[in-house]
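Here the structure is laid out as structure tokens; the discussion comes afterwards.
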Amino acid sequence: MPAILQGIVRPLLAGLLVASAGVGGWWVLIQAENRVIDRLVETETRLVAAQIERTLRMHLVELEQMARRWERRTNAAADDWKADVLEVKRQTPAFRAIEWREPALTLRWAAPLTALGRGGDLDSLYEDRRLAALSLAGGTNVPYVSATYYGSVEHRHVSVVAPMFDGESVNGYLIGVVRVRDLLDESLHQELKNGYSIAVHEGPYLLYGPEPTTEGRDAERFSRFAEVEVEGLKWKVEAWPGRQLTPRLRSPAALVVLVIGVMFGVFAAAVVSRPPSR
């Protein structure tokens, strides 16, 4: 090999050999970080699904307790019932309205009255949608959470249903109308504040949040899924680190190893290229 080529090739090979050790260390650290982030996101996704489930069950329990209070009060006063509705709404703000329906699903009472007007969550224009959501509950006579449906001003809602009994016979239903976005905002406030992005799906439909494809490669790489099932309702939760959270989950160690490896590679090339002393 000509001397001039030896003077180029030997330093280049030496530099690449040393630098490759730094690149290898960087790659190993990045893979280890990715596994840690995967575990964090998987745990967070399960926690998010559990929180949504707890929130839904809390609304169902509140409505069931109200049903037990009122199912045998045949001479109940409307004003007393409405006052109880307002207290339940105070405890569980995602309830937009509560209806008392007869066994045949004809409306007995509804509150608040503001929900009954045009554009309200109990707007009569959307009555058929709510009754369709109640059809399964009427057939089974057990606590039930409907699939989502579009209600007033195109907001998605779910109906939370608590049967009322007189002995073994059903004598009515309490139906709480819940706006989906309100319920999920309430459930996910802390996780969103912590920097996670969260999407909630019902079948093929996106109910809440962005698609991970809109937030870059890291979002698609780290997204994880968990199921939510509550008395007939089935959702799928997807979570991933948001754009600002991902850099905070990474350590600078991998970059430091890479930079040091490259620097040592340059140094090794310089040493090898130095002419021998005479």
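Residues H189, H157, arranged from fewest to most other Cβ atoms within 10 angstrom of their Cβ, appear as H189, H157. Listed by chain and number, the lysines whose C-alpha is less than 22 Å from the C-alpha of K236, apart from same-chain residues fewer than 8 away, are K193. As I understand it, the dipole of the range 52-182 uses +1 on the Cβ of Lys and Arg and -1 on the Cβ of Asp and Glu, about the Cα centre. Which of N171, V88, L134 lies farthest toward its positive end? Among N171, V88, L134, the one farthest towards the positive end of the dipole of the range 52-182 is V88.
With 0.36 nm allotted per residue and the present C-alpha distance subtracted, the A132-R39 stretch has 29.4 nm of extension available. Cβ-to-Cβ counts within 10 Å put V160, V170, V177 in ascending order as V170, V177, V160, the fewest first. For W109 and R217, what is the calculated FRET efficiency with R₀ set at 41 Å and r taken between the beta-carbons, to the nearest 0.05? So, using R0 = 41 Å, E works out to roughly 0.15. Between the listed residues A115, L56, N75, the Cα displaced farthest toward the positive end of the dipole of the range 52-182, a dipole computed from Cβ unit charges relative to the Cα centre, is found at L56. When R156, R68, R118 are arranged by Cβ crowding within 10 Å, least crowded first, meaning fewest neighbours, the order is R118, R68, R156. Taking a straight Cα-Cα cut-off under 12 Å and skipping sequence neighbours fewer than 8 places away in the same chain, the aspartates and glutamates within cross-link reach of K234 are E53, E202.
Within the range 87-126, name every residue whose backbone N is under 19 Å away from a label modeled 7 Å from Cα of N171 along the Cβ vector. Residues 99-110 fall inside that zone.
Values in this text are rule-based calculations from the coordinates and carry no lab data. What you see is a predicted model, and the numbers here were worked out from it, not measured in a lab. Here the Cβ is made from the backbone with ideal geometry for all residues, glycine too, and neighbour counts use every protein chain on show.
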